[in-house]
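Worksheet for the structure shown next.
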Amino acid sequence: MTLISRILALCAFAVLAACSGGSGSLDSDEEKFGYSIGVDLGRSLKTVKNDVDIDALKRGLDDMLNDKELLLDDKQREEVKSSIAKKIQSKQMEERTAKAKTATEAGEKFLADNAKRDGVKTTASGLQYEVQEEGKGENPKASDKVTVHYTGTLINGEKFDSSRDRGQPVSFPLGNVIPGWTEGLQLMKPGAKYKLYIPAALGYGERGAGAKIGPNETLIFEVELISVEKQAAPKAPAKKK
């Protein structure tokens, strides 16, 4: 959904909310269906709710439905919608840039202090790790498939994901995850438990991930390597005769 579409959808949502009787009961399927759509729409439009004047919205709706003379023609309406959308996008970019800067500074300080703790080792890439329990067997390669349990947190302690909470380990090709995981798990053997401290450059970087991991966040993972499934090396292409 484009930003302009979201604004227009918010307008419709606001009008419906303003016109609602607010009885508090949801007796019919039609009422429940309408309420469910409203909740989904409201959740997706929170970021632009303060950029719409509801009184003006109601006036525009009233003028249109009652065939009154419109105060803005088609061109003017498109121009203002485009202008507001650009302002919102610019504001969001400024907020994201500021958030990324704050996260970068906090991450650098955290890693600098963390590197001084006993038991924490730092690799050439900047990855930090702490051995909680060693395993046995062969270290996985980036081409292998691994099965792990993990818990991921931000440096402020906020948990953003955990296979343990779900009660189900996860399996994946080691070369298909963030660089900090690919490097860190290759240091481990099956049965090992490590704590990985992953700089933003080895994590999700400026793009972040979803709603919980912002731009340039330093990440902490407690990882247990359960098993390694060795993958056959790809065959070299046959030479032409």
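The values are calculated or read from the model by the stated rules, or taken from the named source; none is laboratory data. Because the structure is predicted, anything quoted here is derived from the model rather than measured. All Cβ positions, glycine included, derive from the backbone under ideal geometry; neighbour counts span all protein chains shown. Surface areas here come from the heavy atoms of the whole protein model, side chains and all, with no ligands, DNA or RNA. Shrake-Rupley method; radii C 1.70, N 1.55, O 1.52, S 1.80 Å.
Among the residues of the range 10-52, those that are outside any helix (DSSP H, G or I), open to solvent by 70 Å² or more (accessible area, probe 1.4 Å) and at pLDDT 55 or above comprise SER23, GLY24, LEU26, ASP27. Scanning the range 70-93 for residues that are of a type in the set (D, E, K, R), assigned to a helix (DSSP H, G or I) and modelled with pLDDT of 95 or more turns up nothing. Looking only at the range 172-185, decide whether some residue is of a type in the set (S, T, N, Q) and either surrounded by fewer than 17 Cβ atoms within 10 Å (Cβ to Cβ) or in contact with a Cys (Cβ under 9 Å, 6 or more places away or on another chain) (or both). Yes - at least one qualifying residue is present in the range 172-185.
Restricting the first member to the range 170-187 and to residues that are of a type in the set (Val, Ile, Thr), and the second to residues that are assigned to a loop (DSSP other than H, G, I, E, B), the beta-carbon pairs closer than 9 Å and six or more apart or on different chains are ILE178/GLY203; ILE178/TYR204; THR182/ALA142.
Residues that are open to solvent by less than 40 Å² (accessible area, probe 1.4 Å) and out of contact with any helix residue (DSSP H, G or I) (no Cβ under 7 Å at 6 or more places or on another chain) were ranked within the range 204-218; the one that is nearest to MET93 (Cα to Cα) is GLY208. Do we have any residue at all in the range 110-126 that's within 19 Å of the chain's Cα centre (by Cα) and among the aromatic types (Phe, Trp, Tyr)? Taking every residue of the range 110-126 in turn, none turns out to be within 19 Å of the chain's Cα centre (by Cα) and among the aromatic types (Phe, Trp, Tyr).
Can you tell me which residue is most open to solvent (accessible area, probe 1.4 Å) among those in the range 124-146 that are farther than 24 Å from SER163 by Cβ and in contact (Cβ under 8 Å) with a residue 60 or more places away in the chain?
Selected residue: SER125.
Here ASP63, ASP118, ASP55, ASP165 are screened, and the one residue that is modelled with pLDDT of 95 or more, in a helix (DSSP H, G or I), farther than 21 Å from GLU183 by Cβ and out of contact with any Gly (no Cβ under 8 Å at 6 or more places or on another chain) is ASP165.
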